[in-house]
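Here is the structure we will look at.
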Amino acid sequence: MFLVTEDFKTFIKKYPITTIMVCLCSILTMITTFSGGYSIQNIIKFGGYEHSLVEKGEVWRLFTYAFMHGSYVHFFMNMTFLIILGRPLERAMGSVKFILFYLIAVLFTGMMINLFYTPNTVETGASGVGYAFLGMYLFITLFRKNMLFLDDRKFVMTFLGIGLLSSLIIPSTSLTGHLAGMFIGFIMTPIVINKKAKFQNTVNV
C-alpha cells in the first residue's frame with residue numbers, strides 16, 4: 001500500500017493534492033536555494049514560524065511554516081513522508097476531504113506551536129502534517145484494522161515508533177508540532193474517513 005508504483009503522469013492524476021503540496025514545498029526550496037540557501041534570515045523571510053513576528057500580527061506564519069523547511073535534509077525527509085503516507089489517505093478520503101484535512105492539520109499544529117512555543121526558535125516544515133497522517137493510521141490500526149493488511153499495520157507502528165523516538169532525541173525537532181499533528185489526525189479520522197473507505201481490495205487480519 002505504501003509503495004509508490006505509479007508513473008509520474010498517473011501519480012499526478014490520482015493524487016492531485018499530494019502533488020500540489022509537494023510542489024509548493026519544492027518551489028520554496030528552489031527559491032531559497034537561489035536566494036543564498038538555508039539561513040535563519042531566509043527561513044523567516046519565506047514563511048517560517050517565529051513567535052514574536054506572529055505576536056506582531058504576522059499570523060499567516062501559522063500556515064506558511066508548513067511549506068518552508070530548515071535544510072535540504074529536512075525537505076527531502078518530509079517530502080518522502082508526505083508521498084509515502086499521504087497517497088493512501090488521499091485515495092481513501094477523496095481529494096476534497098484530503099485538502100480540508102491537510103489545511104486543518106497545518107493550522108491546528110501551527111496554533112499549538114504558537115501556544116507552547118520555545119523562545120528564540122524558528123519552526124518550519126511539513127512534519128506536523130506527516131504526524132497527522134500517522135495519527136490517522138494509528139486510529140485505523142487500533143480501531144479499524146480490517147482496513148489495512150497486517151504488514152501495513154506493522155509498518156505504521158514501526159514508522160510511528162521511530163518517529164516518536166527521533167522527536168525525543170533530535171534537539172532541533174519540534175516535539176510540540178509532532179504531537180499536535182498526531183493528535184489532530186487521530187481525532188479527525190472517524191470524521192473524514194468512512195468505515196467503508198478503501199485502501200486496498202482485500203485485507204488479511
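Of note:
- Of everything listed in (1) surrounded by 18 or more Cβ atoms within 10 Å (Cβ to Cβ); (2) modelled with pLDDT of 95 or more, the single unmet condition for Ile187 is (1).
- Only one of the listed residues (Phe63, Phe81, Phe76) is buried (at least 17 other Cβ atoms within 10 Å of the Cβ) and of a type in the set (Phe, Trp, Tyr). That residue is Phe81.
- Within the option set Ala197, Ala180, Ala126, being in contact with a helix residue (DSSP H, G or I) (Cβ under 9 Å, 6 or more places away or on another chain), touching a residue at least 24 places away in the same chain (Cβ under 8 Å), farther than 23 Å from Phe67 by Cα and of a type in the set (Gly, Ala, Ser) holds for one residue only, Ala197.
- In the stretch 98-196, counting only helices (runs of 4 or more DSSP H) that sit wholly within it, the ones holding 3 or more residues that are under 13 Å from the mean Cα position of the chain (by Cα) span 127-143, 175-192.
- Residue count for the stretch 32-52 satisfying the condition of being of a type outside the set (Gly, Ala, Ser), more than 19 Å from the chain's Cα centre (by Cα) and more than 18 Å from Gly177 (Cα to Cα): 8.
- Residue list for the stretch 42-91, restricted to those being among the charged types (D, E, K, R) and without any contact (Cβ under 8 Å) to a residue 24 or more places away in the chain: Lys45, Glu55, Lys56, Glu58
- Checking each residue in the stretch 55-97 for being within 12 Å of the chain's Cα centre (by Cα), among the hydrophobic types (A, V, I, L, M, F, W, C) and under 30 Å from Lys154 (Cβ atoms) picks out Ala66, Phe75, Met77, Met79, Phe81, Leu82, Ile83, Ile84, Leu85, Leu89.
- The test for being part of a helix (DSSP H, G or I) and hydrophobic (A, V, I, L, M, F, W, C) does not hold for Met68.
The values are calculated or read from the model by the stated rules, or taken from the named source; none is laboratory data. Please read these numbers as outputs of a predicted model, since none were measured by experiment. Don't worry about glycine lacking a Cβ; one is built from the backbone with ideal geometry, like all the others, and counts go over all protein chains shown.
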